[in-house]
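Visitor: Below you will find the structure I want to go over with you.
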Amino acid sequence: FPIVLEAVREFYAAGHPTRIRLLSEVLGGVWDALVTQRADIALAEVGTPGALGISHRPLGTVAFVFAVAPDHPLARETQPIKLTAIRRHRVVAVADSSRSAPARSSGVTGAVDVLTVASLQAKLSAQLCGLGVGFLPANLAAEAIAQGQLVALRVAAPKPRVALSVAWRAQGAGPATLWFVERL
């Protein structure tokens, strides 16, 4: 989000007056917002390139870390931690914000005890409170890990990196959309 805010600052500094509304969507909700025209541009994992008239450019990858509160029982387990051990504990998951597509999930599958929250920031907060465990984007968890508020654990089944792209509806893209595509 700080990178997006820096782009917005540069946009305004260049004297481009327009309305900007920043939304936070999760999983399928990102594509849903783009396809249903609630958003002009999105930072998303690209599933099917060129689907529904959507253009995209790769931005890079997002690494994930499995993290728990320091006093969580998994913090004392021998690493790498097996999936069977993880499933004995509550997993914190982010709810898919899609309004029209089937709900997706990401992270630890097969968990029985799941706390579902609305955003990655809420997921981080829940894990900081020791309410559950799960994968977090490494950059989001880095400060909490450095401060000892979370412990990064090696797991037998790590979450692979996610390729992130900037995506936009190719037809009818306005100058502001194209400016942000270029900047990002």
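The values are calculated or read from the model by the stated rules, or taken from the named source; none is laboratory data. What you see is a predicted model; the values in this text were computed from it and never measured. Please note: Cβ atoms are built from the backbone with ideal geometry, for glycine as well, and neighbour counts cover all protein chains shown. Accessible surface areas use protein heavy atoms only, side chains included; no ligands, DNA or RNA. Shrake-Rupley method; radii C 1.70, N 1.55, O 1.52, S 1.80 Å.
Visitor: Find all pairs meeting these conditions: Cβ atoms under 7 angstrom apart; at least six residues apart or on different chains; first residue within the stretch 112-135 and open to solvent by 30 Å² or more (accessible area, probe 1.4 Å) and modelled with pLDDT of 95 or more; second residue of a type in the set (Val, Ile, Thr) and not in a loop (DSSP other than H, G, I, E, B).
Guide: Correct list of pairs: LEU131/VAL92.
Visitor: Next up: Go over the candidates VAL92, VAL46, VAL8 one by one and state the one that is free of Cβ contacts under 8 Å to residues at least 60 places away in the same chain, surrounded by 13 or more Cβ atoms within 10 Å (Cβ to Cβ), farther than 16 Å from GLY134 by Cβ and out of contact with any Asp or Glu (no Cβ under 9 Å at 6 or more places or on another chain).
Guide: VAL8
Visitor: Continuing with the same structure: Restricting the stretch 10-38 to residues that are more than 17 Å from the chain's Cα centre (by Cα) and at pLDDT 90 or above, which is nearest to HIS89 (Cα to Cα)?
Guide: Here the residue is ARG21.
Visitor: So is ARG161 touching a residue at least 40 places away in the same chain (Cβ under 8 Å), surrounded by fewer than 17 Cβ atoms within 10 Å (Cβ to Cβ) and basic (Lys, Arg) or not?
Guide: yes
Visitor: Let me ask something else about it. Inside the stretch 136-155, can you point out the residues that are loosely packed, with under 13 Cβ neighbours inside 10 Å and either under 15 Å from ILE81 (Cβ atoms) or hydrophobic (A, V, I, L, M, F, W, C) (or both)?
Guide: ALA146, ARG154
Visitor: Among HIS16, HIS56, which is the only one that is farther than 30 Å from LEU131 by Cβ and assigned to a loop (DSSP other than H, G, I, E, B)?
Guide: On inspection, the qualifying residue turns out to be HIS16.
Visitor: Any residue at all in the stretch 62-79 that's in contact with a helix residue (DSSP H, G or I) (Cβ under 8 Å, 6 or more places away or on another chain), in a loop (DSSP other than H, G, I, E, B) and either free of Cβ contacts under 8 Å to residues at least 60 places away in the same chain or not hydrophobic (A, V, I, L, M, F, W, C) (or both)?
Guide: Yes: one or more hits.
Visitor: Another question, if that's okay. Look through ALA75, ALA103 and report the one residue that is farther than 20 Å from ALA152 by Cβ, small (Gly, Ala, Ser) and either at pLDDT below 90 or more than 21 Å from the chain's Cα centre (by Cα) (or both).
Guide: ALA103
Visitor: Let me ask something else about it. Filter the stretch 166-176 for residues that are buried (at least 16 other Cβ atoms within 10 Å of the Cβ) and either acidic (Asp, Glu) or under 17 Å from GLU10 (Cα atoms) (or both) and give the result.
Guide: If the condition is that a residue be buried (at least 16 other Cβ atoms within 10 Å of the Cβ) and either acidic (Asp, Glu) or under 17 Å from GLU10 (Cα atoms) (or both), then ALA176 is the only one that fits.
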